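Take a look at the structure below.
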Amino acid sequence: MTLWEKARAEFIDIIEWTDDSNDTMVWRFPRYENEIKQGAQLVVRQAQAAVFVDRGQIADVFGLGQYRLETKNLPVLSTLMGWKYGFSSPFKAEVYFVNTRNFTNLKWGTKNPVMLRDPEFGPVRLRAYGTYVVRVSDPARFIKEIVGTGAHFTLDGVTDQLRNLIVTRFTDMLGEERIPVLDLAGRYDELSLALTKKISPEFLEFGLEATKLLVENIALPVEVEQALDKKSSMGIIGNLDDYTRFQTANAMEAAAQNPGGDASAGIGMGMGFAMANQMGQALAPKQAAGPNTPPPLPGEEPCKYYVGKNGKQAGPFDRDAILAYIKKGSITRETLMWKEGLEKWQAAELFPEFTETIKATPPPLFE
């Protein structure tokens, strides 16, 4: 290498950065001990900014474009170096390229549950998480406040600080708003906008802008969610007594229509009558005490009936229950029944009080 080639190699002709990473925010041009010559070309690509730093002091900032470095393009640097009348010799300066694009899908979330007071459930612990988008809006401030003199700065160097800031402001905002836990799901948009507005000034202090912030989920502890699920199930079921009667009626109807033979039919019928008997006894006091049901007249005791089918006996049942079974086909005209005062079991059709209902009820399709 000749002396001229060696001297020329010490001068930098083109300053540029072709970024092929997804997380680099700031990259320092590797000048080493070389000098930038007068008239060198500076290339700043889309979503980039170039910041010139002289002896630790930020000088000029260049946006998108291609520049020929001269005194008129470097007014601040020229002043710092004392070039009152221009310069014609090479100069030394550090050049930082800043990535100004949006960094998307960044995560934030509470590491530990947040204790809050809910108007309905009392003290509760909540977890929350979401995403945010950030970009460098002031390259010079970002280098001064965050990057310093590092040659290569990535997202990892700032995301922890930003995440802690978001979680702190979100927790404070949630405590101030006092939104009931069950209403939070309908307020995600409002919470996202309010949180963005709350943290934006603090992001700007770092030279950053939060272009989008979303609250994606606010969750209760697992045990509390399970308790809420049980409460919701009870709300769907409604009145427990009505639900029990409904389930019992379905079970008896299924047993009466069971095509699995005499044995299985007898077992199903017996189970249905037994279940109805137990439920009838359990619900009888509530029915008697109901506001729309008058008590029995003095000296009048309601008649009780016993039913036998396929060797199974169940009862006692009141008259209304027997009528219901006849209409469903669970009790037919041949079904054996007994009540107090009879010497032996008789077919249901021999009971005068049920004759009209039995005649009006069609016989089963299959005997």
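Below are the figures for this structure:
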| item | result |
| --- | --- |
| Filter pass, residue 106 being touching a Phe, Trp or Tyr at 6+ places or on another chain (Cβ under 6 Å) and within 30 Å of residue 185 (Cα to Cα) | yes |
| Considering residues of region 130-151 that are farther than 18 Å from residue 166 by Cβ and among the β-branched types (Val, Ile, Thr) only, the residue surrounded by the most Cβ atoms within 10 Å (Cβ to Cβ) | 143 |
| Residues being surrounded by 11 or more Cβ atoms within 10 Å (Cβ to Cβ), touching a residue at least 12 places away in the same chain (Cβ under 8 Å), of a type outside the set (Phe, Trp, Tyr) and closer than 18 Å to residue 129 by Cβ - total across region 180-195 | 6 |
| Boolean, residue 95 is of a type in the set (A, V, I, L, M), in contact with a helix residue (DSSP H, G or I) (Cβ under 8 Å, 6 or more places away or on another chain) and assigned to a strand (DSSP E or B) | no |
| Whichever residue in region 1-43 is modelled with pLDDT under 85 and within 46 Å of the chain's Cα centre (by Cα) and, among such residues, is nearest to residue 101 (Cα to Cα) | 19 |
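The values are calculated or read from the model by the stated rules, or taken from the named source; none is laboratory data. Note that the structure is a prediction, hence the values are computed from the model and not measured. Cβ atoms come from the backbone with ideal geometry, glycine included; neighbour counts cover every protein chain shown.
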